[in-house]
Each structure stands twice: as structure tokens, then as C-alpha cells.
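Novice: Got a structure for you, written out below as C-alpha cells; questions coming shortly.
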Protein chains: 2
Amino acid sequence: MAAMFDIKSFSQLRAAVPRAGGMPSPCAACSVRHLALCAAMEENEVHEVAAIVTTLEISSGQPLFDEGEPAVHVFNVTSGAVKVYKLLVDGRRQMTGFLFPGDFLGLANDETYAYSAEAVGASTVCRFPRGKLEALLTKYPKMERRLLNMASHELAAAQEQMLLLGRKTAREKIASFLLMLSRRAAQRELPDDPVFVPMSRNDIGDYLGLTTETVSRTFSDLKSTGIIELLPAGKVRLARRQHLQEIAEGA
Amino acid sequence: MAAMFDIKSFSQLRAAVPRAGGMPSPCAACSVRHLALCAAMEENEVHEVAAIVTTLEISSGQPLFDEGEPAVHVFNVTSGAVKVYKLLVDGRRQMTGFLFPGDFLGLANDETYAYSAEAVGASTVCRFPRGKLEALLTKYPKMERRLLNMASHELAAAQEQMLLLGRKTAREKIASFLLMLSRRAAQRELPDDPVFVPMSRNDIGDYLGLTTETVSRTFSDLKSTGIIELLPAGKVRLARRQHLQEIAEGA
DNA sequence: CGCTACGTTGAGAACAATCAACCCCGGTGG
DNA sequence: CCACCGGGGTTGATTGTTCTCAACGTAGCG
């Protein structure tokens, strides 16, 4: 298979953010506002968000923050993808999520981040100072409600992932993973059938609790059964989606 | 080993809730208020919570709700313990959490519960109609903030559990589990060294992504190494806590 | 007083991990 | 310009941890 990740094809994940350099309000033109925290805000209120936000361009592999650092910022992904993970002392890694445009990260009860985050391919995020965001949440309870909803969604996703990690076979894990990527792409109005898989086999393994080799073998296996097709540039066609769905559910 | 669970010893989990039958405000005397959602409320405000709450006595094994049911209520555990889990179609089960007094459950973005919940031993919970609680959250933003904090804590715990499920060995899982129980008991000012383990080997297995047999073998193994001691009535002494800690962290 | 549920232990099987070789592609520097 | 190098992916052979199947003990309950 061709390299799973290259910058050119990765651009398909980038939501277009048409704005002139130095424009004061990146939020007004934000293409993922309907998915993000800011969905709670009216047109005439977003400037208050814009006032505290910094837009950052993150190049591939660059960290946003590391586990244990003081949690001074929270983030919203606006283009590209971000992976978040935890490590054991001997280096074993568990990816706890892949985040796409509109997704939120950095919530911490503690004063430090509970996980590390880094860009998968070139990405952009908007960054909020934690204190200022909290002030905004206090001023706009509907924004806080929105955040609670997002956290609650995340919690449901985390529980689904626990089911996957604890009880599914390698085959079921990969099937679930591909369908999850497809569903999330559809939500963002990106191509969801030849679905774009921007992360490496190793990253996928660390997300699903498998090794690189098992991920690779399982892809090959699903391919040889005609359930998926591996296309160039990291795209995967879900040739028999219904069958894939059944595998994912453990049927 | 003696049965891991019996009603008599289970009573140690019950926080004393001294109140006369039919008293109007169970919340005023609630012994876990400082841990629960109501921690956000002042003395003179709890009656508003009491007005919408119903206190339920749940006997061992009785369900609170099942995955997929309309999510009309949310709950706060006040005594005993509750297990929450998800199922695959063929019956494989993943426990997504064990909840103790003060813990909250039933958050659902969707209109249906994303998981099932049932009592582990006789327990009591207080039940809120979802709509009325939401109204209260709107009236008292500090309560909503409290809920967000609780959700955020849960999220961190879920991520920790993903690390466990995806990357830890059986031995590491059991060590982590025992320490988690001990920590949570300490938070509730219950005995944390001979720690009380109220759930069955099977429940533990479904929480840790292991089989009953592996759980049992691993307990035996830790015991024969002198790291833990299995006491009657489901109590476990963490004889070498530091060592257990190192195992849990993967050292 | 047997029955059932739970726990323990053993033997063997199986799924995924590990160790290893190889390919392909892209980038780099001689 | 092309050979080298390194990262990612695939595939094979073997190992090993955990699962499965099975037997048995014990405690509590009807």
C-alpha cells in the first residue's frame, strides 16, 4: 500500500477557512462553528469569543501540550486532525482519541493536562486561555450548556471505546474504527465512502490496543475478503459497509 | 476464598443516612452531599433539589435502567454500589464503571441511555426527572458548573481506563483496580487498606477486559507473591502497596 | 439437604504479540 | 543523477499471554 499519509491528500481534511491575514475575527468566518463550542453563540456574540482566541497553525507531529503540563489553554480543532494519548512509563502508548475539526480538547479538572496532544499532519486549532474561557462560560450559560453537551458526547464515545478495547477482536476493532472515521467524515461533509485515513498503522494500533503488525494484517484480511479496498493516498473504500457494520457489532 | 460478596459485609459501603420515614427533605441530611451534584448548593437551596428528587432503595442485582431506554431520569448514588455496562449482541459485556456514593449517572445527549445500570448489592440512589433537573441547572449555573466538573472528572477516569484496557497486562490491570478501589474508599472515608471488594470475579473481569478465570488466577498470583492478602468477606489487604503501585504503572 | 452461584485450579487451544525479513517510496547528499 | 538511508507498510515464523473448556470445592439459600 502507498504511504498512509502524505501532505497533499491530507489537505482534504482541511476545512476551507477563507480569511485574510490579520483579520480581527477568525471566528466569524469559521467553517466549523456549527460543530464547535461556538455553536452556542449568536452571530453578534462571536466577537467575544474572537477576543480571547488565538489561531495556531500546527505542523505535522508537533505537540500541542504534554501530559502533566499546567493546563493553561483549551483548544478547538479547526482543520486537520489531532491525536491525544497517554503513556506508561515504559513507553506503551494508548491513543485516547483522534480529534477532527470542531472537536474540543484540554478540559482538565486538575491544574494539569491528563494526556498529551499532537497534530496528525498539518492542522490548525484555536486556543483559549482557560481563565478567560471560564469567564465567558459564566457570562453565557448557554455556552456552558454546550460544553456540557460536548463533554457528555465525549463520555459516551469513551464508553463505546472501552467496549471496543475490552471486548472486541482485532477484526471487530478495525471494522468499528473504519465506520467511526466514515461517520465522522460524513458529519463534516467530507467524503465518507472512500474514507480518508490520515494516521499511521502504528497510531491506529495504539488507538485500538493492537500492534502495527496486527493492524496491517487485519486490513489485508478485510481486503482479501472483499469487504474493504485499500486505495492510494490512505483512502479506504468500504465495499461492503453492511457486512463491516455486522463485524463491528460482533454479529 | 470466602464469597466475595455478602450482604452483611456490604453494609460497610452504606453511608449512614439517618432520616425518619417520610421526612420531606432527604437531601438536608444526605451524607454524601459534599461529593454529589448537590455540593454546589447552599444549605438554604437544597430544598429545591429535594423538591424534585425521589429516593429509591434498590436491591442487589436490580436494574436502574437498560441501554436504549428513554433517558427520563438521572441518578446520584447515595449508598451501596452501582455497576454500569454495555453489551455486544452475542452477550459479551464491558463494565464501563462502578459507581459509589456521591457518583452521578444517567447523563445522555441522546434521548436514550447509552448503557445499562444495576445495583451491586443493596443500594440507594436519588432520582431526578431529567427535565426538572435541567431547569434547576438553568436556574443555578453553579450547579451546572459542578456537573461539568463531574463530567470532566469522569472523562479523565475513562481515559485512564482506556489506557488500562488497551495496554496493560492482566497483572497490571488487577493492581490498578485494587488501588482504584482503595483510593475511592479513602475519598469516602471508608477503610482503604483492607479494602472492600464488593463485586464478583466475573464483574471485575468484565470491567478489566479479562475472564473470570484470569482474574482469579491473578489474585492468587499476587497473593502467593505476598503483594496482597485475601481476607474473608471480600476484603483485600494491600500488603505491599508500593509494589502494587509500581505494577499498576507498568514499571 | 441438595442446589445453585461463585471461586479456584488445571490442561490445552487460540489469538495476538514478538522477532525478523523485505518492499516501497521519498528525501538527501555525494 | 543516483545511491544511500530511513520511515512506514506488509508478510512470515514463532512465542506467549490469555481464553476456553472442564473439574471440583465451598457457601448460602430455598
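The values are calculated or read from the model by the stated rules, or taken from the named source; none is laboratory data. From a predicted model like this one, the values you see are computed outputs, not experimental measurements. Heads up, the Cβs are rebuilt from the backbone with ideal geometry, glycines too, and the neighbour counts pull from every protein chain shown.
Novice: Do you know which residues across region A:105-148 are hydrophobic (A, V, I, L, M, F, W, C), away from chain B (no Cβ under 11 Å) and assigned to a strand (DSSP E or B)?
Specialist: A:ALA117, A:ALA119, A:VAL125, A:CYS126, A:PHE128
Novice: While we're looking at this one, here's another question. Would region A:73-84 turn up any residue that is within 10 Å of chain B (Cβ to nearest Cβ) and either surrounded by 22 or more Cβ atoms within 10 Å (Cβ to Cβ) or at pLDDT below 95 (or both)? Even if it seems obvious, please write down each step before you answer.
Specialist: So in region A:73-84, the residues within 10 Å of chain B (Cβ to nearest Cβ) come out as A:84.
Filter again for either surrounded by 22 or more Cβ atoms within 10 Å (Cβ to Cβ) or at pLDDT below 95 (or both), leaving A:84.
Checked region A:73-84: at least one residue is within 10 Å of chain B (Cβ to nearest Cβ) and either surrounded by 22 or more Cβ atoms within 10 Å (Cβ to Cβ) or at pLDDT below 95 (or both).
Novice: If I ask for residues that are under 14 Å from B:ALA71 (Cβ atoms) and in contact with a strand residue (DSSP E or B) (Cβ under 8 Å, 6 or more places away or on another chain), which ones from region B:111-133 would you list?
Specialist: B:GLU111, B:THR112, B:TYR113, B:ALA114, B:TYR115, B:SER116, B:ALA117, B:ARG127, B:PHE128, B:PRO129, B:ARG130, B:LEU133
Novice: Find the residue count for region B:67-124, including only residues that are aliphatic (A, V, I, L, M) and over 27 Å from B:ALA186 (Cβ atoms).
Specialist: Summing the residues that are aliphatic (A, V, I, L, M) and over 27 Å from B:ALA186 (Cβ atoms) in region B:67-124 gives 7.
Novice: Need the failing condition index for A:GLN159 against (1) touching a helix residue (DSSP H, G or I) at 6+ places or on another chain (Cβ under 6 Å); (2) buried (at least 16 other Cβ atoms within 10 Å of the Cβ), just the number.
Specialist: (1)
Novice: Can you tell me which of (1) within 28 Å of A:ALA156 (Cα to Cα); (2) at pLDDT below 95; (3) among the hydrophobic types (A, V, I, L, M, F, W, C) is the one B:ALA117 doesn't meet?
Specialist: Of (1) within 28 Å of A:ALA156 (Cα to Cα); (2) at pLDDT below 95; (3) among the hydrophobic types (A, V, I, L, M, F, W, C), only one is false for B:ALA117: (2).
Novice: So, one more: Can you tell me how many residues in region B:176-230 are more than 15 Å from DNA strand C (Cβ to nearest atom), touching a residue at least 40 places away in the same chain (Cβ under 8 Å) and under 16 Å from B:LEU164 (Cα atoms)?
Specialist: The number of residues fulfilling the criteria is 2.
Novice: Residues that are within 30 Å of B:ARG33 (Cβ to Cβ) and modelled with pLDDT under 95: does region B:200-210 have at least one?
Specialist: The answer is no; no qualifying residue exists.
Novice: With the requirement that a residue be within 24 Å of B:GLN161 (Cα to Cα) and among the β-branched types (Val, Ile, Thr), what does region B:54-94 give you?
Specialist: Answer for region B:54-94, where residues must be within 24 Å of B:GLN161 (Cα to Cα) and among the β-branched types (Val, Ile, Thr): B:VAL74, B:VAL77, B:THR78, B:VAL82, B:VAL84, B:VAL89.
Novice: For the subset of region B:211-239 comprising residues that are more than 12 Å from DNA strand D (Cβ to nearest atom) and farther than 18 Å from B:ALA170 by Cβ, which member is farthest from the chain's Cα centre (by Cα)? Before the answer, list the steps.
Specialist: From region B:211-239, those more than 12 Å from DNA strand D (Cβ to nearest atom) are B:219-220, B:222-231, B:235-239; that's our starting set.
Restricting the remaining residues to those that are farther than 18 Å from B:ALA170 by Cβ gives B:226, B:229, B:231, B:235, B:237, B:239.
On the way: B:GLY226: 28, B:GLU229: 23, B:LEU231: 22, B:LYS235: 17, B:ARG237: 20, B:ALA239: 24 Å.
Looking at the filtered set, the residue picked out is B:GLY226.
Novice: Same structure again: Looking at B:GLY61, B:GLY68, B:GLY97, B:GLY91, which is the one that is within 11 Å of chain A (Cβ to nearest Cβ), in a loop (DSSP other than H, G, I, E, B), small (Gly, Ala, Ser) and surrounded by fewer than 21 Cβ atoms within 10 Å (Cβ to Cβ)?
Specialist: B:GLY91
Novice: Among what's in region A:231-248 and is in contact (Cβ under 8 Å) with a residue 40 or more places away in the chain and within 13 Å of chain B (Cβ to nearest Cβ), pick the residue that is nearest to A:PHE98 (Cα to Cα).
Specialist: Looking at residues that are in contact (Cβ under 8 Å) with a residue 40 or more places away in the chain and within 13 Å of chain B (Cβ to nearest Cβ), I get A:ALA248.
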